[in-house]
Amino acid sequence: MRYSQMLIPTLREAPSDAEVVSHKLMIRAGLIRQLARGIYDYLPLGLKVLRKIEQITREELNRAGCQEVLLPVIIPAELWQETGRWGFYGKELLRLKDRNERDFCFGPTQEEIITDLVRREIRSYKELPKNFYQIHTKFRDEIRPRFGLMRAREFIMKDGYSFHATEKSLNEHYELMRKTYVRIFERCGLRTKVVEADTGAIGGSSSHEVVVLAETGESEVAFCDACDYSANLEMASSKTAKGEKKRSGSSKCREIKTPGLKTVEEVAAFLKVKRAQMIKTLVYLRDGGIVVGLIAGEHEINEVKLKNACNARFLTMADAATVKELTGAEVGFAGPVGLKKKTSLGPVQVFADFSIQSIDDGVTGANKTDYHLTGVVPDVDFTPDQYLDLRLVKEGDSCGRCEKGRLQIKRGIEVGHIFKLGTKYSKSMNAMFLDESGTKQPFIMGTYGIGIGRTAAAAIEQNNDDKGIIWPLPIAPFQVEIISLNQDDEVIKTAEKIYDELLAQGIEVLYDDRDERAGVKLTDAELIGIPHFVMVGSRGVKDKVVELKARKNGDIKKLAFKDVSNVVKKLCQI
Ligand code: ATP
Ligand code: MG
């Protein structure tokens, strides 16, 4: 392509609302433009990158036996009502009405439609397993769209769904998908980690995320420095999470005045006790009731673990009025001793982290404003419904798997997600096949997603410098850029000739033929980040040489005209 024919509106400055480097560079390099919050135009260069990521994804999925389909983005509400998601998906779901006032939504994910298609078209175990995927537009009315394509509202996702007759088949296919995902991101030139992820309240399933480690990532990943354990922080567990009972039983529970002292730190300092002795009591609201989480004062509660433990649809910190109704006290003085079993909002469940089990002289709120209790003994003064791991792991905790290594915590960008769904959707939508004995069974399902735009953004997060983007070759919008350093006749003639030669070799070339100063062209070239530049200037033309520059390390070498196409061809082999 000739630069002069393309729309590449580069900018020297990034817009003020762009916080992360990929967002800034995507705007500055003229890849995208914002139309509304979280909704973008993909410009020619940006679209080329997305198409390359899509193509690699397609090739690898097809190789793994998946089939491409294209499903509607506008979905009748009835399908979402069948699974109940119409009710509880919340505001992220964009709902619309047609001219007859019939309800529809714009698909944020397509489990319902694909399950509907499969229940109508697949009858027998003989037709299984199957994996259908599409690469298509999604809409999620994200509460905080930000970081450009990283968290958009309208975005392109590869979403895939597999259908199986047996758990064994799902497990095998899941493993194949895990490997396929690793290959896809490797081929895109990204360094990724596969981490265990939260499966929500769907019991027995497993889920993994593919994460690109980057400071600007919105997820946190814990991984062991000794074994290969790695997990999203939402579900990571450390060795110390497994508690043991060791109780002297000698301490006696008594009330003590702690005026205005509400936090663990304040109370521990005032009573001169260790934070490990404090029984931190957190009150949450859930669908249909109240959940109380208990954890030793030195730790933090992992709310995802607590939400899963109680199988809640949602879980949020309780407001002051609810705390008052439950405890009879202001916020800051809640404790598990003598807690109500029921409130006007529903029953009260109490879950305790393992760290509570080993406390034998605990301090906790007295459920009375300005008072705490000391000498509290679990299972004597109060009995939680269950002890379990509720702890948010910290950097340096011992690994829960090998028990030798230490956990490190890093930020990352989730680019892909694979999930064993089981029969959640097939059961609620009555999607059945006939098994070998002729009995109706619900399909066993898996779901697999990749954010195409987010992958492009993550690639920039990993590959950039102060001058601009440094595209990995496999997803670069062009493989090589020819730059004529001035508009002398001989220079133009040579650049045109090289351009034709490279095109004839099947190389993807951008030819900067603009009537601009060399400095402007070079600055733009560094910004848009094509991996190799061929620079044609007056002096070189006399000696029949051009300069070949690598965007990544800035290395420049001289090349004779006759060698250009062979050398560049080799460089562009992936
Ligand atoms: P997140 O936790 O980041 O919101 P998610 O769990 O909602 O992600 P999935 O439903 O698993 O994401 O979607 C599959 C993939 O789609 C994700 O791995 C991610 O790459 C991409 N994705 C999800 N939400 C967005 C978004 N708002 N903008 C761009 N890509 C997205
Ligand atoms: Mg999300």
For the structure I just gave you, tell me whether residue 170 is of a type in the set (A, V, I, L, M), touching a residue at least 60 places away in the same chain (Cβ under 8 Å) and either in a loop (DSSP other than H, G, I, E, B) or within 16 Å of ligand 2 (Cβ to nearest atom) (or both). no
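Quickly run through region 543-561 and pick out the residues that are part of a helix (DSSP H, G or I) and surrounded by 11 or more Cβ atoms within 10 Å (Cβ to Cβ).
Of everything in region 543-561, just one residue is part of a helix (DSSP H, G or I) and surrounded by 11 or more Cβ atoms within 10 Å (Cβ to Cβ), namely 561.
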Would you mention how many residues in region 74-102 are within 16 Å of ligand 1 (Cβ to nearest atom) and either under 17 Å from residue 140 (Cα atoms) or surrounded by fewer than 11 Cβ atoms within 10 Å (Cβ to Cβ) (or both)? 10
In region 137-161, residue nearest to ligand 1 (Cβ to nearest atom) [restricted to those that are open to solvent by 50 Å² or more (accessible area, probe 1.4 Å) and not in a loop (DSSP other than H, G, I, E, B)]: 151
Kindly provide the set of residues from region 24-35 that are open to solvent by less than 40 Å² (accessible area, probe 1.4 Å) and of a type in the set (A, V, I, L, M, F, W, C), ordered by number. 25, 26, 27, 29, 31, 32
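Determine whether residue 358 is touching a residue at least 60 places away in the same chain (Cβ under 8 Å) and open to solvent by 10 Å² or more (accessible area, probe 1.4 Å).
Yes, satisfied.
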Just the residues that are at pLDDT below 90, under 16 Å from residue 378 (Cα atoms) and within 36 Å of the chain's Cα centre (by Cα), please, taken from region 243-278. 243, 244
Considering only residues that are among the aliphatic types (A, V, I, L, M) and assigned to a loop (DSSP other than H, G, I, E, B), look in region 367-383 and name the one that is least open to solvent (accessible area, probe 1.4 Å). 377
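To keep it simple, each residue is scored yes or no on (1) in a loop (DSSP other than H, G, I, E, B); (2) modelled with pLDDT under 95; (3) at negative phi; (4) of a type in the set (Gly, Ala, Ser).
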site	(1), (2), (3), (4)
4	no, no, yes, yes
11	yes, no, yes, no
14	yes, yes, yes, yes
18	yes, yes, yes, yes
22	no, no, yes, yes
25	no, no, yes, no
35	no, no, yes, no
40	no, no, yes, no
Regarding region 498-510, can at least one residue be identified that is in contact with a Pro (Cβ under 8 Å, 6 or more places away or on another chain) and in a helix (DSSP H, G or I)? no
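When you check residue 193 against the structure, is it more than 16 Å from ligand 2 (Cβ to nearest atom), of a type outside the set (Val, Ile, Thr) and part of a helix (DSSP H, G or I), yes or no?
Considered against the rule, which asks whether it is more than 16 Å from ligand 2 (Cβ to nearest atom), of a type outside the set (Val, Ile, Thr) and part of a helix (DSSP H, G or I), residue 193 comes out as no.
I'd like the residue in region 10-23 that is without any contact (Cβ under 8 Å) to a residue 60 or more places away in the chain and out of contact with any helix residue (DSSP H, G or I) (no Cβ under 7 Å at 6 or more places or on another chain) and, out of all such residues, is least open to solvent (accessible area, probe 1.4 Å). Break it down into steps so the answer makes sense when it comes.
First, pick out the residues of region 10-23 that are without any contact (Cβ under 8 Å) to a residue 60 or more places away in the chain: 11-17.
Those still in the list that are out of contact with any helix residue (DSSP H, G or I) (no Cβ under 7 Å at 6 or more places or on another chain) too: 12-13, 16-17.
Values: 12: 123, 13: 141, 16: 121, 17: 87 Å².
The extreme case among them is 17.
Checking the structure you have, find out if any residue of region 442-462 is more than 16 Å from ligand 2 (Cβ to nearest atom) and open to solvent by 50 Å² or more (accessible area, probe 1.4 Å). Don't jump to the end; show me each part of the working.
Here is the first cut: in region 442-462, the ones more than 16 Å from ligand 2 (Cβ to nearest atom) are 442-446, 456, 459-462.
Within this subset, residues satisfying the condition of being open to solvent by 50 Å² or more (accessible area, probe 1.4 Å) are none.
Scanning region 442-462 turns up no residue that is more than 16 Å from ligand 2 (Cβ to nearest atom) and open to solvent by 50 Å² or more (accessible area, probe 1.4 Å).
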Could you give every pair whose Cβ atoms fall below 6 Å, whose first residue belongs to region 211-226 and is more than 14 Å from residue 417 (Cβ to Cβ), and whose second residue is β-branched (Val, Ile, Thr) and open to solvent by 20 Å² or more (accessible area, probe 1.4 Å), counting only separations of at least 6 or pairs across chains? 220/409; 222/409
Subset of region 434-455 [out of contact with any Phe, Trp or Tyr (no Cβ under 6 Å at 6 or more places or on another chain) and assigned to a helix (DSSP H, G or I)]: 452, 454, 455
What number goes with the only condition from (1) within 34 Å of the chain's Cα centre (by Cα); (2) within 30 Å of residue 225 (Cβ to Cβ); (3) not assigned by TED's automatic domain parsing to the domain that holds residue 190 that residue 448 does not pass? (3)
Of the residues 48, 52, 126, which single one is open to solvent by 10 Å² or more (accessible area, probe 1.4 Å), free of Cβ contacts under 8 Å to residues at least 24 places away in the same chain and more than 16 Å from ligand 2 (Cβ to nearest atom)? 126
Whether any residue in region 73-89 is free of Cβ contacts under 8 Å to residues at least 12 places away in the same chain and either within 16 Å of ligand 2 (Cβ to nearest atom) or not assigned by TED's automatic domain parsing to the domain that holds residue 433 (or both) is what I want to check. no
(1) within 16 Å of ligand 1 (Cβ to nearest atom); (2) modelled with pLDDT under 95 all hold for residue 113 apart from (2)
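Which ones in region 116-132 are away from ligand 1 (no atom under 16 Å from the Cβ) and either polar (S, T, N, Q) or closer than 20 Å to residue 420 by Cβ (or both)?
Once the filter is applied, which keeps residues that are away from ligand 1 (no atom under 16 Å from the Cβ) and either polar (S, T, N, Q) or closer than 20 Å to residue 420 by Cβ (or both), region 116-132 yields 118, 119, 122, 124, 125, 128, 129, 130.
Quick one: is residue 540 among the small types (Gly, Ala, Ser), buried (at least 18 other Cβ atoms within 10 Å of the Cβ) and in a helix (DSSP H, G or I)?
When the stated conditions are applied, residue 540 passes them.
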Across region 406-421, which residue is most open to solvent (accessible area, probe 1.4 Å) among those that are more than 16 Å from ligand 1 (Cβ to nearest atom) and either of a type in the set (Val, Ile, Thr) or more than 19 Å from the chain's Cα centre (by Cα) (or both)? 406
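Taking residue 306, is it in a loop (DSSP other than H, G, I, E, B) and farther than 13 Å from residue 369 by Cα?
Numbers: in a loop (DSSP other than H, G, I, E, B): no; farther than 13 Å from residue 369 by Cα: yes.
No: the conditions fail for residue 306.
The values are calculated or read from the model by the stated rules, or taken from the named source; none is laboratory data. Predicted, not measured: the structure shown is a model, and the values here were computed from it. Here Cβ is always computed from backbone atoms with ideal geometry, including for glycine, and neighbour counts include all displayed protein chains. Areas reflect the complete protein model, heavy atoms only, side chains present, ligands, DNA and RNA absent. Shrake-Rupley method; radii C 1.70, N 1.55, O 1.52, S 1.80 Å.
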